[in-house]
Each structure stands twice: as structure tokens, then as C-alpha cells.
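Okay, structure first, notes after.
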Amino acid sequence: MTRPNWLHRPGALDLAGSGDLGGVWWKSGIIEFREGTIPNSNSRAERMALQTRVKLAKLDAPKVPGLDHDTLIRIYRTMFLSRRLDDREIQLKRQNKIYFQISSAGHEAVCAAMGLFLRPGVDWIYPYYRDRTLCLMLGMTPVEMLLAAVGAKDDPSSGGRQMPSHWGQPKLNIVSKSSCTGTQFVQAVGAAEATLYYEGRSKALAQAKRAPLGEYVNHEHDEIVYVSGGDGATSEGEFWESLNVACAKKLPLLYLVEDNGYAISVPIEVQTAGGSISKLVRGFPGLHVAECDGTDPIEGYSVCKEAVAYCRERRGPALIHAHVTRPYSHSLSDDEKLYKSPEEREEEARRDPISKFALFLVREGILDQKQIETLEAEIDNEVRDAADHALAAEEPSIDSIRMNVYSPDVDPTSAAFEAEPQLRGAPKTMVEMVALTLSDEMARDERITVFGEDVADASREDNLKHVKGKGGVFKATAGLQRKYGHDRVFNTPLAEASIVGRAVGMATRGLKPVAEIQFFDYIWPAMMQIRDELCVMRWRSNGAFKAPVVLRVAIGGYLTGGGVYHSQSGESIFTHCPGLRVVMPSTALDVAGLLRTAIRCDDPVMFLEHKHLYRQPYNRSENPGSDFTIPFGKARMVKEGADLSIITYGAVVHRAEVAAAQLEREGVSVEIIDLRSLSPYDWEAIAATVRKTHRVIVAYEDMLSWGYGAEIAARIADELFEELDAPVKRVAAMDTFCAYQPKLEDVILPQTSHIAAAVKQLLEY
């Protein structure tokens, strides 16, 4: 395995024995630092010398109950173990035996203190990549951490799929972490919402336990959710969106902001107005805010204890602002000497929590010098043995790369989802069928929650006595809140990243969220949550976690007045995302079958609902029954023909039908295939119609260049070239934006006349 070019550093040495590297002297497998190489000082004598000028609090046992002799030693042992694991990874990286390293150095003390109060397997943990000490306190082992560093097959966090320090351990409720900064905050909100949801709905909990990965679904009456991040992450919008929801709903969510003063090279005064995040957030109602020296585990213990109790007592969320230090560079791809002065680095070294706490233990008579040396030697041996184990571990097989892109337990393309409709009742429009299908599924599965902007009938429930209720801007969720309650159907703040992130957190906890993005045009703030979190959760955790969210999105133009920001297409952007299923029905019957499959499958699904089709009379259907499903990846034969095939989907289907009817009168027989499922799509149906007619048009509403139809056309040309009697032709929108003026929209978007003209042109080839 080779490492990326950007990780190569000039002058790297092989530290197989002993030597010198930039002031670092290493021997016997332990990294140490020579006299005067502050701040990355790591030898005990040097560290203690620095601390002689540091004022340390005296331990007052009656004021800090719980911090007995054994607990203090456990804290130091875990802190030192964490540091030595960082040092070992640095050594291995220098030797080209691992491929990336980012340390937790300087953050150990507050994380060790927090680890005394969080309960592994009970509380839910959304950790920061510098939370090594916390994860050790909760039960992760040095071997597990180093398996991640070498990218081993048995790495419990990702099976070698993620960088090291991207923690994840389902048996400990440590939820898989990505590299994205701040995305964890809104997911933790969703997890905390699940905590409160399960408290009142035991049936939902039982259903979640029976679902795939249900063995990791659990709930305790006083559980809390923990989420952490660095000071830089608080600049992300998701941090503020999460606080807004957490305080509004009084969620049992504990934030730990580990402020080391830098986001890589950007100092805190540039990141945060006024240089203090705790000062900025004090105005949030019901938020318990505390500030502490995060390099002092004694002070951290008291602050963490109070904050955890606040959350367990269901008084609302809490935020701890811990001032820590970063004695090493951001990562081994960074060199802090380029932006930190020597004086600043020396001051950081004086605040190093390892040497501070070692000196404290000696001064308080908890351990003497010899006992500390013995303890540290034991840890060095433990880390050495763990490294040897990890380096000998089996690598992932090449065949594993496709595993856990999608659910291995539920295949929505299978015959299990084939069902015949049992039609009854009056015909319903597409939008009416959305509401009907959601209602049926909510009655069947108590895990389902429906939320988004304006989806509730009325957030002020008392108003429902006097008003009809909203139920979505298109009425697609009308009546659901009245029927199933405000905890299952509710409005959210206008914050798309928060909507999707909360859904990811709920789904990770075993719920089945059906979230709505009101207009496709406004989905872009949620792109990070969709592409880097929702789609990737199962794969990056090697199947340990999942996020089977259904994301309903109103899409498309032909609105005669929708304009630039209510008419966008762009489905190809999301079909380009592995792990995400994308469907787009064009009839009410297909809405019922595909939406039900989306809810019952075990993958995240983007369910695209074309606004123009919501209330059309030509695509209505009777109710097909509460068990009607349609497999993904199975196209619909709209019309059989012999002379030419049109492959299409969405609102263009009807335009193709009208064009085909006109051409039929001229003696031209056109076959029409409605893909309806865009990822996966029905290649067999495409191949069959091409082999039948030998001429094909791919028609779609998105822009011609780089649109969804381009992939279909390219594959036909690649794999079915010998079957073609003419080139594959595309009919699509112009490469511009959709205008508000209807006459302009008619020119920009593909129309019946465009399709008919393309058919005639292709037949003349």
C-alpha cells in the first residue's frame, strides 16, 4: 500500500533503532525529546522541569468526591497511554508503516475527566478526532486504535476505510466519525431527539431492535448524548443550527468544545468573535455553560460532573468550553513552527497536561517518582506490544471495497418488493398518494417520523381546533400531525443541513425518519450532510452503523412562473453518490409503490417528487393497498413500439407520450420506457428496447451537458454500439437557467415539439 503524495515529508528517517530527527531523540521504541526542544517535550524530567513554575491546585478530597487514589491513577494512566499512542503513531508514520497521523496531545485531561461520567454502551458518543483519551476511558483498546492506524481488516472503526482517530465502536455507542468539521453536531441533535422519542414509545424501540443492526439499538431512561469538537468547528453553521434546536427542544445533549487556540494555523481570535465561544453562546435559553482549564483533570472533573448531571436530569443541553493545548502540530502534514512563535510553543509546553498531572500526583503523595516510572514503563510495553500486533494484522481484501455500500440485509431491487396493486377507491393525484402512503406506513411502523419546513398541520397545536392546518406547501403531509401527534410529525427551523443531519442522527439510533426538503433548489446547504455523512455512514463504518433516511424532495420546472429558484433539476449530482438510492416517479401509482419501498428498505433514499406532476389528472391512480411496493431498478413500460425508443423519467414522460401519439398518426411507432428509478436504474430494460428498435432517444429535464441522460447515452454507445442503426440522441434542457417568464421557460425546457422533432431527425439517419 502506498501513501498519498501529500503525506510525504522531505527528510524522513527510518527510526528502526535510534537517532535524531529535528531535535527528537528516540530509543527503545519510545519517542523522547532532547533538552531545549520545547514545546514537543516528552521526557519526564524535562516535562517536570517546565512545570515547576506552574501553580497547581491542592486536591481537597471532600470537595471532589469520587477522585480517590485509584481513580487519580486511572486518569493519569489513561492520559499517558493516550500520549504514548500518539507518539508511537508518529514513529510509525516516520517509518512509513502508517499513512496518516493526527494527535490528541494536550486534550487528554478534560477527556479523561469526561470519561469518568459517560457510560459506554448507554450514553451516545459523537467524538472529535482528538478524543483518543475519552475513547480509551470508554473501553477502546490500544490495539484497536493502532489497527486503525495501519488500516487493518479488523480495525473496529472502519476496517481500514478511514484515517486513524476517526473513532467508531457500536458496542460502546461511539458513532462513526468523518473528517468533516462540525457535521457531528446536528447528528448528535438527532440522536438526542431519539432518546426522548424512545422514552414515550416502547413499540418503536422494539421495532428498531428487530430491524437490521438492531442489536446495537438501546435506550436507558437517563442516557445522554455527548458531542465534541475543536474551537474551529464552532465556526461551522451546523454548530449554531444544532444549538438552536437543542435549546428549543431541551435536549439531553452535552457539548464539549476543546479549545486549543488554533484551527490548524488559524488562531482563535480570527475564528471566533471576541475569542471565546462560551461568551457567545451564553444567551441561548436553557443552555448550561461552563468554562474550565482543560489541562487540569481535577478542575475538569468538577465541571464535567455538573454538566452531565444537568443533562441527565433533563434540564436541557450543556456546553463545556475547555481550554486545552496542542503541543504537537495539527497533524504530521502540518508544521506549527511556521506560524507559532518559540515563546508561544514554550508556554504551551508549560501547560502540558501530562507533566502537570504527574507533578501533581507526586506533590500530593499519590505516587512517588519510582511508581510513576514503573507505571510509564508498563504503558510503554503495552503500546509496543499493541503496535507489534497491529503491524502483523491482516489487511483488508481488495474484494471488500464494494461491501457495505448498500445494505447487505435488505435488497430493494429484489423480487421481495414485487407486488400487484389491489386497486380500490376514487383516483388520487400524486400529492394525495404521498400523504396516503405515509399514513399507511406510519400506522405500520412507529419508528417513522416526518419533519421538515411547514410539514406539520400547525406547530401551535391549540390552533388545530380552529384551523384546517398546513401539511406542507404542497399539502403532501396534510392531516398526518392530527393523526399521529406532534412528536412524529413536526416542523423544523429553516435549516436544510440541520434537517438532514438530524435525520442521520435519528436513523443511526434506529428510527426511520422521512425528512422533507421543501424545494430541490434549496438542498445545497445540506450537501455536506448528504454526500459526506448520509451516503457514507454504512461504508465508512464497515457496516457497523447505517442511516436509512428517506429524503423527500420536491423537484423540477414546467411551473409557468417558477423561475430560477423553484424549477431546478440536478438529479445527476445525487445519482453520482454511492450509497444513496434515487427514485423519481411520474405517476400516482408509482409514488405509492416506490415510496413504500423507500421506507421499508434499509438504505438512504432520495425520493424526488416532481412538482408539476403533483396534481395532474393524467397520472392519477386508485389506492393500490397498504402492501403495494415496486422494486428499485425496475423501469416501467409506458408504451410499446417498433421504430424508435425513448428512455425518460419525471415530467418528460408525459411529453414523450403526447409526442408518440402525434407521431403514431403519421405511422411512426415509438416505444417509451419510464426509468422511475434512477439509481439503481434498469439496464436490462434499456438494453432490451435498444435491441428491439435500434434507435434511441434519452430525454430528460436537466441541462443537456453533464446531465443524467448523458450516462445512459454513453453506456448504450459503449455496450450496445453494434445494435444501433443511428447515434444515440439526447433531448434535454438548454445549458442555462430556468426563467420566470413562461415563454422563456418553454424554450429552455424540453417540450413535446422538441421530442417529436428529434424522433423524425433520428429516423431519417
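Of all residues in the stretch 738-757, those being within 17 Å of L704 (Cα to Cα), among the hydroxyl-bearing types (S, T, Y) and open to solvent by 80 Å² or more (accessible area, probe 1.4 Å) number 0. Cβ-Cβ contacts under 8 Å between residues 6 or more apart (or on different chains), taken from a first residue in the stretch 693-708 that is in contact (Cβ under 8 Å) with a residue 24 or more places away in the chain to a second residue that is in a loop (DSSP other than H, G, I, E, B) and of a type in the set (D, E), are listed as T693/D643; H694/D725; R695/D643; R695/D725; M703/D735; L704/D735; S705/D735. For the residues V467, V473, V500, V434, the requirement of being β-branched (V, I, T) and within 25 Å of the chain's Cα centre (by Cα) singles out V500. Considering every residue within the stretch 260-283, establish whether at least one is out of contact with any Phe, Trp or Tyr (no Cβ under 9 Å at 6 or more places or on another chain) and over 30 Å from Y328 (Cα atoms). Checked against the condition, which is being out of contact with any Phe, Trp or Tyr (no Cβ under 9 Å at 6 or more places or on another chain) and over 30 Å from Y328 (Cα atoms), the stretch 260-283 yields at least one hit. Picking from residues in the stretch 489-509 that are open to solvent by 10 Å² or more (accessible area, probe 1.4 Å) and of a type outside the set (A, V, I, L, M, F, W, C), the one that is farthest from M528 (Cα to Cα) is N491. Can you say whether L332 is farther than 30 Å from I630 by Cα and at pLDDT 95 or above, as far as the supplied structure shows? Considered against the rule, which asks whether it is farther than 30 Å from I630 by Cα and at pLDDT 95 or above, L332 comes out as no. Note on the stretch 696-711: residues that are part of a helix (DSSP H, G or I) and among the hydroxyl-bearing types (S, T, Y) amount to 1. When the residues of the stretch 326-346 are filtered to those that are within 16 Å of I268 (Cα to Cα) and assigned to a helix (DSSP H, G or I), the one that is nearest to the chain's Cα centre (by Cα) is E336. Scanning the stretch 398-422 for residues that are in a loop (DSSP other than H, G, I, E, B), of a type outside the set (D, E, K, R) and either without any contact (Cβ under 8 Å) to a residue 24 or more places away in the chain or open to solvent by less than 90 Å² (accessible area, probe 1.4 Å) (or both) yields N404, V405, Y406, S407, V410, P412, T413, S414, A419, P421.
Okay, residues lined up against (1) assigned to a loop (DSSP other than H, G, I, E, B); (2) on the phi < 0 side of the Ramachandran plot:
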{"position": "R531", "(1), (2)": "no, yes"}
{"position": "N542", "(1), (2)": "yes, no"}
{"position": "G557", "(1), (2)": "yes, yes"}
{"position": "T560", "(1), (2)": "yes, no"}
{"position": "G563", "(1), (2)": "yes, no"}
{"position": "F574", "(1), (2)": "no, yes"}
{"position": "L589", "(1), (2)": "no, yes"}
{"position": "R596", "(1), (2)": "no, yes"}
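Scanning the stretch 211-221 for residues that are part of a helix (DSSP H, G or I), open to solvent by less than 10 Å² (accessible area, probe 1.4 Å) and closer than 15 Å to A318 by Cα turns up nothing.
Looking only at the stretch 546-596, residues that are within 27 Å of the chain's Cα centre (by Cα), open to solvent by 10 Å² or more (accessible area, probe 1.4 Å) and in contact (Cβ under 8 Å) with a residue 24 or more places away in the chain come to 9 in all. In the stretch 618-645, the residues that are more than 18 Å from R695 (Cα to Cα) form Cβ pairs under 6 Å with partners that are assigned to a strand (DSSP E or B) and open to solvent by less than 10 Å² (accessible area, probe 1.4 Å), at six or more places apart or across chains, as follows: F632/S677; G633/S677; A635/I673; R636/D674.
Taking helices (runs of 4 or more DSSP H) as the structural unit, those lying wholly within the stretch 67-151 and holding at least 1 residues that are touching a strand residue (DSSP E or B) at 6+ places or on another chain (Cβ under 9 Å), farther than 30 Å from A191 by Cβ and open to solvent by 10 Å² or more (accessible area, probe 1.4 Å) correspond to 69-94.
Kindly indicate whether any position in the stretch 370-382 is in contact with a Leu (Cβ under 6 Å, 6 or more places away or on another chain) and assigned to a helix (DSSP H, G or I). Among the residues of the stretch 370-382, at least one is in contact with a Leu (Cβ under 6 Å, 6 or more places away or on another chain) and assigned to a helix (DSSP H, G or I), which makes the answer yes.
A single entry from V150, V175, V189 fulfils the requirement of being over 30 Å from P493 (Cα atoms) and either free of Cβ contacts under 8 Å to residues at least 12 places away in the same chain or among the β-branched types (V, I, T) (or both): V150.
I need the full set of residues from the stretch 423-479 which are hydroxyl-bearing (S, T, Y), open to solvent by 10 Å² or more (accessible area, probe 1.4 Å) and in contact (Cβ under 8 Å) with a residue 60 or more places away in the chain, in order please. Within the stretch 423-479, just T429 meets the criteria. When restricted to residues that are acidic (D, E), over 23 Å from R596 (Cα atoms) and not in a strand (DSSP E or B), the stretch 653-685 contains 4.
Scanning the stretch 185-210 for residues that are open to solvent by less than 10 Å² (accessible area, probe 1.4 Å) and hydrophobic (A, V, I, L, M, F, W, C) returns F185, V186, A188, V189, A191, A192, A194, A204, A208.
Out of the residues in the stretch 712-743 that are part of a loop (DSSP other than H, G, I, E, B) and among the β-branched types (V, I, T), state the one that is farthest from A635 (Cα to Cα). Looking at residues that are part of a loop (DSSP other than H, G, I, E, B) and among the β-branched types (V, I, T), I get T736.
Could you tell me whether K356 is basic (K, R) and not in a helix (DSSP H, G or I)? Criteria not met by K356.
Before we move on, is A526 open to solvent by less than 10 Å² (accessible area, probe 1.4 Å) and not in a helix (DSSP H, G or I)? So A526 does not fit the description; no. Taking the conditions exactly as written (of a type in the set (D, E) and under 15 Å from S355 (Cα atoms)), does E89 satisfy them or not? So E89 does not fit the description; no. For the structure I just gave you, tell me whether S242 is hydroxyl-bearing (S, T, Y), over 14 Å from S278 (Cβ atoms) and open to solvent by 10 Å² or more (accessible area, probe 1.4 Å). No.
The values are calculated or read from the model by the stated rules, or taken from the named source; none is laboratory data. Since we're looking at a predicted model, the values are computed, not measured. Here Cβ is always computed from backbone atoms with ideal geometry, including for glycine, and neighbour counts include all displayed protein chains. For the accessible areas, the whole protein counts, side chains as well, though only heavy atoms, and no ligand, DNA or RNA atoms are used. Shrake-Rupley method; radii C 1.70, N 1.55, O 1.52, S 1.80 Å.
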